1. Compute, for LEU182, the solvent-accessible surface of its heavy atoms (probe 1.4 Å) with the complete set of protein chains present, and express it in square angstrom to the nearest 10.
2. Tell me which residues come under 5 Å, amide H to amide H, from MET73 once H is placed; ignore anything under 5 positions away on its chain.
3. Looking at the chain as a GNM with Cα springs under 10 Å, which of VAL79, VAL165, VAL96 has the largest mean-square fluctuation?
4. Explain nothing, just compute: Karplus ³J(HN,Hα) = 6.51 cos²θ - 1.76 cosθ + 1.60, θ = phi - 60°, for every residue of region 107-117 in order, whole Hz, x for Gly and Pro.
5. With every protein chain left in place, what is the accessible area per residue of region 72-116 in square angstrom, probe 1.4 Å?
6. Work out, step by step, the length gained on full extension between GLU136 and LYS32: first 0.36 nm times the residue separation, then minus their alpha carbon distance; give nm to one decimal.
7. Counting only the heavy atoms of the protein chains, how much of GLU81 is accessible to a 1.4 Å probe, in Å² to the nearest 10?
8. For the chain, with all protein chains present and a 1.4 Å probe, just round the carbon and sulfur fraction of the accessible area to a whole percent.
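The values are calculated or read from the model by the stated rules, or taken from the named source; none is laboratory data. The structure displayed is predicted, hence computed values, not measured ones. Neighbour counts run over all protein chains shown; Cβ positions are idealised from the backbone, glycine included. Heads up: the accessible areas ignore ligands, DNA and RNA and are worked out on the full protein's heavy atoms, side chains in. Shrake-Rupley method; radii C 1.70, N 1.55, O 1.52, S 1.80 Å.
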Amino acid sequence: LLREEILRYLKPEMTVLDLGAGAGIVPEMNFKGKAKMIYGLDPDERVMSNPFLDSAVCSTAEQMPFSNEMFDMIICQNVIEHIENPLPLLAQVKRVLKSGGLFIVKTPNRNHYVSLGARMTPLKFHQWYNQLRGREEEDTFKTFYRFNSKSAQKKFIADARLETVSINIYENRPEYLRLNPLAYLIGIIYERSINVLNLDSCKAVMISVFRKK
């Protein structure tokens with residue numbers, strides 16, 4: 001879903017930043033060759049060997065070492081939920097985006113059962129559970145969910161003097177419940193019910209598009 005949303009806006013002449021690019025373990029985030037230049041930024045040194053990038057920088061989102069108005073698009077996948085205060089990050093996003101540039105964000109909805117469970121359990125539990133799902137311990141980070149509802153996104157974006165293009169929330173396959181057949185069946189029933197009733201507040205994933213005015 002995120003890839004489809006990005007490709008709706010992506011053009012060959014664009015310069016793009018993958019914010020929180022990591023080691024390049026999600027193939028759907030490979031846009032190399034579809035834009036003029038793909039940069040990546042992450043505090044994890046593994047970003048330097050990310051095969052999806054034309055250029056990589058090891059740094060934090062709050063201290064981007066890029067020139068003003070450098071990017072046509074910034075992609076942020078499963079990163080902003082780990083930021084305790086989104087405003088410094090958003091200030092940097094605004095600074096390095098060109099006028100009319102897009103900030104495309106995928107992040108969990110804080111009201112979904114996975115996020116609610118994550119907020120009630122310690123980081124060690126998240127790391128253990130994700131290891132069962134095939135994710136390395138070093139790829140699971142502390143979460144804050146400050147930017148993870150429609151109202152929170154609209155407020156932070158307005159405070160950062162950016163504008164909202166769209167906020168969509170989706171409920172798909174219950175991947176976090178795949179370890180147990182009964183739990184997965186319950187998750188499928190939940191997914192079908194939430195989609196039939198169109199209860200956005202209870203869906204799993206937010207994909208949002210913002211623009212620099």
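1. 110 Å²
2. THR15, LEU17, LEU102
3. In this elastic network of the chain, the residue with the biggest mean-square fluctuation among VAL79, VAL165, VAL96 is VAL165.
4. My calculation for region 107-117 gives 7, x, 7, 5, 8, 6, 4, 5, 5, 4, x Hz in order.
5. On the way: 1410 Å² over 45 residues.
Here the per-residue accessible area is 31 Å².
6. Details: separation 104, 0.36 × 104 = 37.44 nm, distance 2.49 nm.
Answer, rounded to one decimal: 34.9 nm.
7. Only protein atoms counted, so the area is about 10 Å².
8. Numbers: 5950 of 11090 Å².
Answer for the chain: carbon and sulfur cover 54 percent of the accessible area.
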